Every structure is written in structure tokens, then in C-alpha cells.
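K.L.:
Pasting a structure below so you can have a look.
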């Protein structure tokens, strides 16, 4: 029978890796808590219209990359391709906008896009996201940027570059869009087919294209910063001033526009060049019109998404990941049926006392048990046989070369010795 394999573009996170994921997720959540962000969890799939209206029907995400299907009741549903639209829907549907503002939320979840799999990009991927609703102050922009910066610093990452820009708002964006369209119209025969379609629908997307020829053309395109209205210019200057005051290093990059339609005003990216072409580890910005576009109130918002897989790769490149911590704190080995029964009961009693414990459930020889304990990374081993049962004591062996101890065969005494 043919072996069934995982779908293309997906990952198996194996036991020796899951500890690293838990470590990373724990540190991220701890930093978010310092800033007053609370966790929200939203459905894995939503009505497709949410993403068409929220993310934008001119984006590659909606046009090419979503996993969509028709439910048995005729509903058009899609696996979530990103987190912000779903969180915005939850904020509206549950009336969270009516509570204390600003509303600070974060998520840590898996998402789905049918892209070409490559290093740093999979079709199922994991993101941490932070969303702040209810403030149009530049300080709110600065706060979410500083949160992302603090997360990277908490891991000790050094090769991270923050790039910031402003893409304006409804007052100044039309003039910039006209200038951009006029510029690319003169060279539209050099645009890739996708950007040729974008020219009159959303020319800002051309600035985000990865096609080499389009990137070369974009390098000479009008700059967003040169077309900002006074309010947007002052707001962006205030964001930069807050970052300066808090010691956050950054570069101003007019080519950053982000790939989703809901952005306005401040946009930013954190990149790590060591992880290759997919060097953006975190990206975000302001999206003041998103809630209104999906049927909610007009409520200013700003946030970001951070790729967990890319973060892990960046940490690997700088040798900043802890060694995987696998195996039980103690393995209770046994010789003979009476000892095996004692070991089984003792393991349960140790677990009741908060000690990670394991024992033989396969009827192995002592030699095989010791090999198993070593392979699984057990920290200590207690061997019980007839002699140990008779004396009520056994030797606690340190598998890492430390001092061995004689202990009573008592869960309470063994737990004390392990401390």
C-alpha cells in the first residue's frame, strides 16, 4: 500500500522541535503581556467575503492564494490567510469596541496560503500578531513597533533591521496614486503581467512586486513621503520621534507599502537578510478603515504580524536557540514483575507531585530500558529489583555525570532528592 505523505508546503513539528516552539511562544506572550495585550482566538475559517472586503480583492492573497470551498449549505468559506481581518470581525461581532479603549489584542495561530513553497515560506504557516484598536495617536504606532522590537531583543537577535514608511491617508493618497499611475503608464510594457493588471486597480501594489524588472522600475517611481499631506507628515515625524526617544533604530524606506489593501499611514517591516529571499520576519502598520469596510464602526487601528517559522530560522542563524529539552526528569527502571509493578505505581505518585516520570510499559530487559532512557533524554534513572524492594532503597543515577544518591523507594523522598 502506498505511503501517505503530508501535503506540499506543510510542516511536521517533531517532539524535539516542539520544545523550541513552546520556548519561543512563551517569550513572545510574556513580552505582549508587559505591554498590556491580551490573547484572542478566532476561527480557522471565515466567510470568504470577510477577506475580499477586508484584505482587498486586488491582492494576491485573495486573487491567487486563499484556500476556499463551498460548504454544504452553499456558504463560501476560506481558511484564514492572515489574522487581522478575523480579529477585526471578532471585535465588531462581540462589541469589544464598546469597552475600554485602546483595545490591545494578540494572537498566535496558523494560517494558510497557496504559495510556492520555499525556504521561509510554507502553505501552512504560523504568526504572532498584535492589534491595537481605538487610538489614532502616533504613540500607538510607536508602541506596537516597540513591542515587536522588544520581542526580537528578548531573544538576543542582532541582525534585525527595522524599516518604516508612511503611505498616506484618504486625503493625500489619491494624488500619490495619480502620480504613480502616470509614472508606470509610460513604462507599462515593461511591467510583469500581474503588475500590468494592478496599474489601474491598485498601483501601490507594483511597489511591492518581487519581479526584478518591476523592482527596477519601482526604484525610480514617485515617493510616498513626497506626497504626504501635512497631517500625515506630522504624524509620521511623531512616530519616528517616539522611536528615537526609546532608542529604537530604524531606516526610512519609501519602498515599503505592505501587501494588503487595508493599510494607511505608517507601515513598517523588520527584516533579517540571513534567512534568504523571504527576509521579512515581521510587518505591519496602521489600518484605520478596516473595521468600517467590514460593517463595523470607524475605529483607528494599528498592528503587525510576525512569522514564527522565519523567527526560528533567524534564531538558528545566530545560534540563539536553546538545546531541546526532551525526556523525563526521572526514568524508573525495573527488573522482574514485582519491581515493574512498583515502578509503575511509583511513576504515577511522582507525577502527582509534579515530577516528570517515565517507566517501562513494554516488558523490556533492564539493558533495553537503560538504552531507552538514554535515547529519550531522561535526566536521572532509578533502578528497582528484588534487592531494592527488600531494602526499601535504590540508587538514583544522574545520567549527565553528576553525583549518584541512595534514596528510599518513596515518591516523597525521591521528589525531595530531585530538587
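K.L.:
Identify the single condition in (1) under 20 Å from the mean Cα position of the chain (by Cα); (2) under 19 Å from residue 300 (Cβ atoms); (3) in contact (Cβ under 8 Å) with a residue 60 or more places away in the chain that residue 90 does not satisfy, given that it satisfies every other one.
P.N.:
Failed condition: (3).
K.L.:
Mind telling me which of the residues 157, 207 ends up being closer than 20 Å to residue 283 by Cβ and at pLDDT 90 or above?
P.N.:
From the options 157, 207, the qualifying one is 157.
K.L.:
Here's another thing I want to ask about it. In the list 170, 201, 158, 190, which residue meets the criterion of being touching a helix residue (DSSP H, G or I) at 6+ places or on another chain (Cβ under 8 Å) and in contact (Cβ under 8 Å) with a residue 24 or more places away in the chain? Spell out the reasoning first.
P.N.:
Working: 170 fails: touching a helix residue (DSSP H, G or I) at 6+ places or on another chain (Cβ under 8 Å); 201 fails: touching a helix residue (DSSP H, G or I) at 6+ places or on another chain (Cβ under 8 Å); 158 fails: touching a helix residue (DSSP H, G or I) at 6+ places or on another chain (Cβ under 8 Å).
The match here is 190.
K.L.:
A further question on this structure: Given the conditions (1) without any contact (Cβ under 8 Å) to a residue 60 or more places away in the chain; (2) assigned to a helix (DSSP H, G or I); (3) closer than 27 Å to residue 105 by Cβ, which single one is not true for residue 283?
P.N.:
(2)
K.L.:
Conditions: (1) at pLDDT 95 or above; (2) over 25 Å from residue 323 (Cα atoms); (3) loosely packed, with under 14 Cβ neighbours inside 10 Å. Residue 371 meets all but one. Number of the miss?
P.N.:
(2)
K.L.:
Does any residue of the stretch 282-290 turn out to be surrounded by fewer than 20 Cβ atoms within 10 Å (Cβ to Cβ), within 27 Å of residue 199 (Cβ to Cβ) and in the same structural domain as residue 88 (by TED's automatic domain parsing)? Show your work before the answer.
P.N.:
Looking only at the stretch 282-290, we keep the residues that are surrounded by fewer than 20 Cβ atoms within 10 Å (Cβ to Cβ), and these are 288-289.
The next check asks that each one be within 27 Å of residue 199 (Cβ to Cβ); those that pass are 288-289.
This time we only want the ones that are in the same structural domain as residue 88 (by TED's automatic domain parsing), so: 288-289.
The answer is yes; a qualifying residue exists.
K.L.:
Something else about it: Going by the structure shown, is residue 145 in contact with a strand residue (DSSP E or B) (Cβ under 8 Å, 6 or more places away or on another chain), within 18 Å of residue 258 (Cα to Cα) and part of a helix (DSSP H, G or I)?
P.N.:
Considered against the rule, which asks whether it is in contact with a strand residue (DSSP E or B) (Cβ under 8 Å, 6 or more places away or on another chain), within 18 Å of residue 258 (Cα to Cα) and part of a helix (DSSP H, G or I), residue 145 comes out as yes.
K.L.:
Could you please let me know if residue 115 is more than 16 Å from residue 290 (Cβ to Cβ) and in a helix (DSSP H, G or I)?
P.N.:
On the way: more than 16 Å from residue 290 (Cβ to Cβ): yes; in a helix (DSSP H, G or I): no.
No; evaluated as a whole, the condition is false for this residue.
K.L.:
What number of residues in the stretch 233-265 are assigned to a strand (DSSP E or B) and more than 22 Å from residue 310 (Cβ to Cβ)?
P.N.:
Of the residues in the stretch 233-265, the ones assigned to a strand (DSSP E or B) are 251-252, 264-265.
Cutting the leftovers down to more than 22 Å from residue 310 (Cβ to Cβ) gives us 252, 264-265.
Matching residues across the stretch 233-265 total 3.
Residues checked against (1) touching a strand residue (DSSP E or B) at 6+ places or on another chain (Cβ under 8 Å); (2) over 19 Å from residue 154 (Cα atoms); (3) assigned to a helix (DSSP H, G or I); (4) free of Cβ contacts under 8 Å to residues at least 24 places away in the same chain:
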{"site": "1", "(1), (2), (3), (4)": "no, yes, no, yes"}
{"site": "9", "(1), (2), (3), (4)": "yes, yes, no, no"}
{"site": "18", "(1), (2), (3), (4)": "no, yes, yes, yes"}
{"site": "33", "(1), (2), (3), (4)": "no, no, yes, yes"}
{"site": "54", "(1), (2), (3), (4)": "no, yes, yes, no"}
{"site": "73", "(1), (2), (3), (4)": "no, yes, no, yes"}
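K.L.:
Considering only residues that are in contact with a strand residue (DSSP E or B) (Cβ under 6 Å, 6 or more places away or on another chain) and under 28 Å from residue 310 (Cα atoms), which ones fall in the stretch 159-213?
P.N.:
Let us first name the residues in the stretch 159-213 that are in contact with a strand residue (DSSP E or B) (Cβ under 6 Å, 6 or more places away or on another chain), namely 160-167, 169.
Correct list: 160, 161, 162, 163, 164, 165, 166, 167.
K.L.:
Here's another thing I want to ask about it. Does residue 131 satisfy the criteria of being touching a residue at least 40 places away in the same chain (Cβ under 8 Å), under 23 Å from residue 233 (Cβ atoms) and not in a loop (DSSP other than H, G, I, E, B)? Full working, then the answer.
P.N.:
Working: touching a residue at least 40 places away in the same chain (Cβ under 8 Å): yes; under 23 Å from residue 233 (Cβ atoms): no; not in a loop (DSSP other than H, G, I, E, B): yes.
Judged against the criteria, residue 131 is not a match.
K.L.:
On to the next question. When you look at residue 80, is it surrounded by fewer than 17 Cβ atoms within 10 Å (Cβ to Cβ), in contact (Cβ under 8 Å) with a residue 24 or more places away in the chain, under 19 Å from residue 308 (Cα atoms) and within 22 Å of the chain's Cα centre (by Cα), yes or no? Steps first, answer last, please.
P.N.:
Details: surrounded by fewer than 17 Cβ atoms within 10 Å (Cβ to Cβ): no; in contact (Cβ under 8 Å) with a residue 24 or more places away in the chain: yes; under 19 Å from residue 308 (Cα atoms): yes; within 22 Å of the chain's Cα centre (by Cα): yes.
Criteria not met by residue 80.
K.L.:
Another one. Check 295, 327, 303 and return the single one that is in contact with a strand residue (DSSP E or B) (Cβ under 7 Å, 6 or more places away or on another chain) and touching a residue at least 24 places away in the same chain (Cβ under 8 Å). Please lay out each step first, then the result.
P.N.:
Details: 295 fails: in contact with a strand residue (DSSP E or B) (Cβ under 7 Å, 6 or more places away or on another chain); 327 fails: in contact with a strand residue (DSSP E or B) (Cβ under 7 Å, 6 or more places away or on another chain).
From the options 295, 327, 303, the qualifying one is 303.
The values are calculated or read from the model by the stated rules, or taken from the named source; none is laboratory data. Keep in mind the model is a prediction, meaning the values are calculated, not measured. We place every Cβ from the backbone using ideal geometry, glycine too, and count neighbours over all the protein chains shown.
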